[in-house]
1. I need the semi-axes of the equivalent ellipsoid of the chain: take the C-alpha gyration tensor, multiply each eigenvalue by 5, square-root it, list largest first in whole angstrom.
2. K118: which lysines have alpha carbons under 27 Å from its alpha carbon, excluding same-chain residues fewer than 8 sequence positions away?
3. Give, rounded to the nearest 20 debye, the magnitude of the charge dipole that the chain has about its Cα centre when Lys and Arg contribute +1 at Cβ and Asp and Glu contribute -1 at Cβ.
4. Calculate one ³J(HN,Hα) per residue across region 121-138 by plugging θ = phi - 60° into the Karplus curve 6.51 cos²θ - 1.76 cosθ + 1.60, and present them in order as whole Hz with x for glycine and proline.
5. Determine, for each peptide in 147-153, 78-84, 107-113, the mean count of other beta carbons within 10 angstrom over its residues, then list the peptides with the highest first.
6. Once whole DSSP H runs in the chain are found, which of them have Cα atoms spread over 27 Å or more along the helix axis and a mean Kyte-Doolittle score of at least -1.0?
7. Could you order peptides 137-146, 47-56, 3-12 by the average number of other Cβ atoms within 10 Å of their residues, highest first?
8. Which of Y156, G88, A46 sits farthest toward the positive end of the charge dipole of the chain, with +1 on the Cβ of Lys and Arg and -1 on the Cβ of Asp and Glu?
Amino acid sequence: MEQLPMTREGVERLEDELKRLTNDERPAIIQAIATAREHGDLKENAEYHAARERQSFVEGRISELESIVSLSVIIDPSSLSGDVVRFGATVLLADEDTDEETTYQIVGTHEAKIEDGKLSVTAPMARALIGKSLGDSIEVVSPGGSKGYEIVKVEYI
């Protein structure tokens, strides 16, 4: 199976979600199903069907999280250094047209959250950055067109 690179923070966030679903959600759903069963005919019991649907979703998510966590390989960005962009790097980019600066950290696919500056290692921007050095220019092709950026700073925090 393929290993999934992730930061410690990303794995811990997924483990917390897994623990919450297993310890809180699962028992609550089992109780909701039991309560709904007491109301009689299951064919026309909307409460029962909603609880079963929720159970199906939660069990699927638990299974998915267990798989992701078991395949994850923790990479500690603070143990890395240098001016070359790799997994875990926090990169300050300057838009070559507007000089607007943006900071991204390159993280695993399952921990990416662009609004928090967490960029998936598989995203076009990250793929363009990997292997480049401080001061290099990159061009990122997106559905909105091509955009140029300069790498202003590379940190491993």
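1. 44, 18, 11
2. Correct list for K118: K19, K132, K147, K153.
3. Details: 17 positive and 31 negative charges, 112 e Å.
Here the size comes out at about 540 debye.
4. Rounded to whole hertz, the list is 4, 8, 5, x, 5, 5, 4, 6, 7, 4, x, 7, 10, 3, x, 5, 9, 10.
5. Listed from highest to lowest mean packing, they are 107-113, 147-153, 78-84.
6. Values: long enough: 46-71 (38 Å, -0.36).
Membrane-span-like by this criterion, though nothing is claimed about a membrane: 46-71.
7. Most protected by this proxy first, the peptides run 3-12, 47-56, 137-146.
8. A46
Read-outs: derived from the displayed coordinates by stated rules, not from any lab. None of the values given here were measured: they were computed from a predicted structure. FYI the Cβ positions are ideal-geometry reconstructions off the backbone, even for glycines, and counts take in every protein chain you see.
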